[in-house]
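Here is the structure we will look at, set down as structure tokens.
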């Protein structure tokens, strides 16, 4: 007995849909899906179009749970029934829409822009998770997306950012420190954007935050006093001028917990003031300290020794992520970020002095 052809199956399905139960419609849906999957590269455009019309009719009779499973299957197809695909991708049920929006290679940038322009936050987040996101799609998502969606885009290495997208993010970063931090840490963010981004935000970041949330500050050793810094600085300056303020020297300061020498060395090597170094070393996260070490041109082993002077040190997972960050950071990005810390620290000191008067 010969297997039914695509035309035979389409005729059978089309005639049966109107008088079939939802259970039977579900069975026909899966038969059609199997035909699509098995013949994905052999079916002609006309045949896929006919199947598309049938699937549209079937989908109206199918329970959401079955449609969600169907959506997951369609998301893997390179050649897909586009009317059905677009309808499922626009569904208000995230279980149905998300698989297609996240994975389907058949959706064009124009399809994604249309959905991003009118869809919900769930739709935007799903698109932000795609392997590759063209710049028009990125712009459409940014226009309507929340901070969470923006951060998802920034964290996606496959997302393309145009000048307009960067300008939008710089504007949002003025009121959102997380966007500032994420975009600054993104390896391919242009240096000019980093500079504009960091200079655009008028608010103190780390020091002000730790002042109001002391529970998030690491339990590090007591910070040196001004006298200790004053005693350490001449030796550090001398070592730097003679070319001896090297990785091994800084590593020794870290291992011996010579905090005044360590902080002063990072200050001299990175060009940031002591206040900025104190600031990043007191953060609960490791990013600022990694940036300070990268800005100081230290190697990873020395950076790790510096990180281990902070409270309980790093967990194995944090150590891996910190090294990945260290290896992807540009020197200029790190230097600008530490200098932004300098601006923040000075702003905080001016605020504190004014409050004490």
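The numbers here are math on the coordinates, done by the rules we state, and not lab data. The model shown is predicted, which means the values in this text are computed figures rather than measured ones. Using ideal geometry, Cβ is built from the backbone for each residue, glycine included, and neighbour counts are taken over all protein chains shown.
Structure data summary
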{"item": "FRET efficiency estimate (nearest 0.05) - Cβ-Cβ, residue 34 to residue 308, R0 51 angstrom", "result": "0.35"}
{"item": "Point-to-point label distance, residue 330-residue 76, nm (Cα→Cβ direction, 7 Å offset)", "result": "4.0"}
{"item": "Cβ-derived FRET efficiency at R0 35 Å, residue 157 paired with residue 56, nearest 0.05", "result": "0.45"}
{"item": "Inter-label distance, nm, simple model (7 Å from Cα along the C-beta direction), residue 237/residue 117", "result": "6.2"}
{"item": "FRET efficiency for residue 321 and residue 188, using Cβ-Cβ distance with R0 set to 22 Å, rounded to 0.05", "result": "0.75"}
